[in-house]
Amino acid sequence: MKVLGIETSCDETSAAVVADGRILSNVVSSQIDLHRPYGGVVPELASRRHLELIDEVIHAALNESGIALGEIDAIAATYGPGLASSLLIGLNTGKGIALATGKPFIGINHLEAHLYSPVFDGAGMPMISLIVSGGHTILAKVTGIGQHAILGQTVDDAAGEAFDKVAKLLQLSYPGGPEIDRLAKTGNPRAIAFPRSMLNEPGYDFSFSGLKTSVLYFLRKNPTHSVPDICASFQEAAVDVLAGKLLNAAEEYRVKTVSLAGGVSINSRLREKLTGECEKRGLRLLLAPAKLCTDNAGMIATLAHHKLLAGQRSTFSLEVSPSAGLGVAA
Ligand code: KG4
Ligand code: ZN
């Protein structure tokens, strides 16, 4: 089966072709340069850019895959969560192509696609999975494809949002996560004792706004302090909490596999810490390739492949769902 997938939930315009579950092309046109002067995504600009790019991105994905539109068996598009005006472009394009070509259509939950991006075929399950992105921080127990229960999530800022906001305080360029990761490599992670919010509290919820505020107060008192030290110390505090909760959950639920997904899962310190801890504890760590961690249509088309094989389809009445949670059925 050949699936064309479309993703426009935030500021990446992306299309991918997946054949029998294998990604043949995964074209991502990032709008980072467009939004950089504003220090964050401007929804109106994002939506307009998606509209300008969507046709050529789909053509590029088809060309790169060597598959013609006529050979595609089904169309998939993200329906939520995300920015309403961005989601609308990809979802309506997907529905339009399906309607015009008479192919089946399926709407995909963006968070569910992130969740399964380290493992789409169910291998290693049950597992505890952490989705860490610019918009979400969710810890879930996954027992099979489409079978997951949320154990905890952020009560305020998402992990990626904290990275981006702290980077802004430090006047680093947008998006801040990769910049902090890069600068932290030359800093001392023990230079400043930033708080590990909620790490030792029962349950699996997260909070990152206190950590961000601590960095703000520290900077007000120490405006000339080493930026790499601040980056390394902030990152260490965030990573301690993320890794700590994931490992605690693996222990409590007695699972042998843990996985990491979403843009922040590329973070080199988070990967390094979890790799070491999992080795010590005899746990299997599943990581997605970097290209599948940030927003991309490859993960949308691959999850669609598994759902289509299970007989799932969406109707054309499916609307965008900007605040859809994990696992809201399409
Ligand atoms: O998954 P994603 O592309 O978009 C959402 O669905 O939100 O994640 C983007 C987020 C941004 O906040 C970005 O700063 C963060 O992932 N990020 C990182 C790194 N690379 C991207 N955060 C920390 N370290 C990184 N290396
Ligand atoms: Zn995402």
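The values are calculated or read from the model by the stated rules, or taken from the named source; none is laboratory data. This one's a predicted model, so the numbers in the text were calculated from it and none came from an experiment. Neighbour counts run over all protein chains shown; Cβ positions are idealised from the backbone, glycine included. Side chains included, ligands, DNA and RNA excluded: accessible areas come from the protein's heavy atoms. Shrake-Rupley method; radii C 1.70, N 1.55, O 1.52, S 1.80 Å.
In whole angstrom, note down how far apart the Cα centers of segment 101-167 and segment 203-222 are. Going from one Cα centre to the other spans 24 Å. For the pair residue 33 and residue 254, a Förster radius of 41 Å applied to the C-beta separation gives a FRET efficiency near 0.30, rounded to the nearest 0.05. Among the trypsin sites (Lys or Arg not before Pro) in segment 254-330, those located in a DSSP loop and surrounded by at most 11 other Cβ atoms within 10 Å of their own Cβ are 254. Approximating the spin labels as points 7 Å out from Cα along Cα→Cβ, the residue 71-to-residue 190 distance works out to 5.8 nm. Looking at segment 244-328, the accessible area is 45 square angstrom per residue; that uses a 1.4 Å probe and ignores ligands, DNA and RNA. For segment 233-330, GluC sites (Glu not before Pro) meeting the loop criterion (DSSP other than H, G, I, E, B) and having at most 14 other Cβ atoms within 10 Å: 319.
What number results when the radius of gyration of the chain, computed over Cα atoms, is divided by 2.2 N^0.38 Å? Provide the component values of the computation, followed by the final result.
Working: Rg = 19.8 Å, N = 330, 2.2 N^0.38 = 19.9 Å.
Dividing the Cα radius of gyration by 2.2 N^0.38 Å gives 0.99.
With the alpha-carbon atoms of segment 125-288 aligned to their principal axes, the span from lowest to highest coordinate is 49, 29, 28 Å, starting with the largest. In segment 93-198, Rg over Rh equals 1.10, where Rg is the alpha-carbon radius of gyration and Rh the Kirkwood radius from pairwise Cα distances. Across segment 255-330 the C-alpha pair distances fall into 10 Å bins from zero in the proportions 15, 35, 31, 15, 3 percent.
Surface composition of segment 125-288: carbon and sulfur make up 50 percent of the accessible area, probe 1.4 Å. Extension gain, residue 52 to residue 272, is 75.3 nm, computed as 0.36 nm per intervening residue step minus the present C-alpha separation. Note on segment 170-191 and segment 54-96: Cα centroid distance 35 Å, given to the nearest whole angstrom. Qualifying trypsin sites (Lys or Arg not before Pro) in segment 173-246, where qualification requires a DSSP coil assignment and no more than 14 other C-beta atoms within 10 Å, comprise 185, 190.
Length gained on full extension, residue 149 to residue 221: 21.7 nm, using 0.36 nm per residue less the C-alpha separation. One Cα centroid belongs to segment 276-326, the other to segment 22-40; the line between them spans 18 Å.
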